[in-house]
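The values are calculated or read from the model by the stated rules, or taken from the named source; none is laboratory data. Keep in mind that this is a model prediction, so the values were computed, not measured. Cβ coordinates were reconstructed from backbone atoms using ideal geometry, including for glycine residues, and neighbour counts include every protein chain displayed.
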Amino acid sequence: MIVGIAVFAMFLATVLIPGYDARSARRIDYEAETFQSPAQHPPLGTDGLGRDVFKLLVAGSRSFFIPGLIAAGVALFLGASSGATSGYYEGRWVNFITPVATAFESMPRWVLIVVVCAISKANIYWVMLILGLTNFPKVATLVKGRVLQLKEEQFVEAAKELGLRDFTIIWRHLLRKNCKHILFGQAMHGMADAILVETTIRYLFYNVGADVSWGRMVVDGVDFFFAKAPFTDVHPYWLWLSPTVMIILTIAGFYILGDALTRWYEAKGEESSIITS
């Protein structure tokens, strides 16, 4: 959990650092030397246009932060509402929600994403909407299982006897109090998926979308994987290594943090008494 928190804190810091917007990061410094190593230009050197690689990394982290929140939000909202409803009511709700969730779950995600990219010129918000729609069945399944387990508990029966509405029971006592570990964990996993998808489409659809992206930085640096920079004896490994390491660490950090939060909430045990609500 410590590793996940550390990576998440590092990622959040890069998003919140002021003055590192995409416009300033991609601005060419004609006076700066190109292909400077991290030792010559701390902390991460410069690229072939004299731009600071660290600034590009910080600006690139912002290209998927808000879209990632959208993808996670869509998956959590649809998954939590449909899973809790079908688990609590069963019957006709299961007959309606289950086929819909199965249909979205069976859709080939990457085929849909590539088609949407081709149609929308890699509009990241449309891509994140598809990601959220294809992720929500997993959330719904987990929430439904938890609600089915809890709906026969005494605190639910007591809430019904006290005349609480079904919406209040589902939202306050089942979802908010007893499904936090599922929702927090799936939110972190959703952000990790968003990073993977965003960097991949920027790699595949290089000439469209965000001006600064980790995926685009990998494309810019991959030409120097085995080659030296033109007109120099420098091997600019930092151009592809820096974004690659950030992609791996950030995705792994979100997954680790999500799993750690899930285990922590399960170990802690969540309150189920309506008296403390």
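Annotations for the structure displayed:
- Restricting region 37-48 to residues that are touching a residue at least 12 places away in the same chain (Cβ under 8 Å) and of a type outside the set (Val, Ile, Thr), the residue that is nearest to Leu239 (Cα to Cα): Asp47
- Just one residue in the set Val74, Val94 is assigned by TED's automatic domain parsing to the domain that holds Leu174, assigned to a helix (DSSP H, G or I), at pLDDT 85 or above and not charged (D, E, K, R); that residue is Val74.
- Criterion: among the aromatic types (Phe, Trp, Tyr) and modelled with pLDDT under 85 - qualifying residue of Phe226, Phe254, Phe184: Phe226
- Residue count for region 22-50 satisfying the condition of being surrounded by 20 or more Cβ atoms within 10 Å (Cβ to Cβ) and within 27 Å of the chain's Cα centre (by Cα): 2.
- For region 116-156, a tally of residues being assigned to a helix (DSSP H, G or I) and either among the polar types (S, T, N, Q) or within 21 Å of the chain's Cα centre (by Cα) (or both) returns 25.
- Taken together, Leu133, Leu129 contain a single residue that is out of contact with any Phe, Trp or Tyr (no Cβ under 8 Å at 6 or more places or on another chain), surrounded by fewer than 20 Cβ atoms within 10 Å (Cβ to Cβ) and closer than 12 Å to Ala75 by Cβ, which is Leu129.
A quick yes/no check of all residues on (1) within 20 Å of Phe54 (Cα to Cα); (2) more than 17 Å from the chain's Cα centre (by Cα):
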| residue | (1), (2) |
| --- | --- |
| Phe167 | no, yes |
| Arg176 | no, yes |
| Glu198 | yes, no |
| Phe205 | no, yes |
| Met217 | yes, yes |
| Asp220 | yes, yes |
| Lys228 | no, yes |
| His235 | yes, yes |
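- Going through (1) out of contact with any His (no Cβ under 6 Å at 6 or more places or on another chain); (2) farther than 21 Å from Gly68 by Cα; (3) without any contact (Cβ under 8 Å) to a residue 60 or more places away in the chain; (4) exposed (fewer than 14 other Cβ atoms within 10 Å of the Cβ) one by one, Val245 falls short only on (2).
- Which numbered condition Thr85 misses (of (1) in contact (Cβ under 8 Å) with a residue 24 or more places away in the chain; (2) under 28 Å from Glu153 (Cβ atoms); (3) surrounded by fewer than 19 Cβ atoms within 10 Å (Cβ to Cβ)): (3)
- For Thr200: the one exception among (1) closer than 27 Å to Gly221 by Cβ; (2) among the polar types (S, T, N, Q); (3) in contact with a Phe, Trp or Tyr (Cβ under 7 Å, 6 or more places away or on another chain): (3)
- A single entry from His181, His173, His189 fulfils the requirement of being in contact with a Gly (Cβ under 6 Å, 6 or more places away or on another chain), crowded, with 20+ Cβ neighbours inside 10 Å and part of a helix (DSSP H, G or I): His189.
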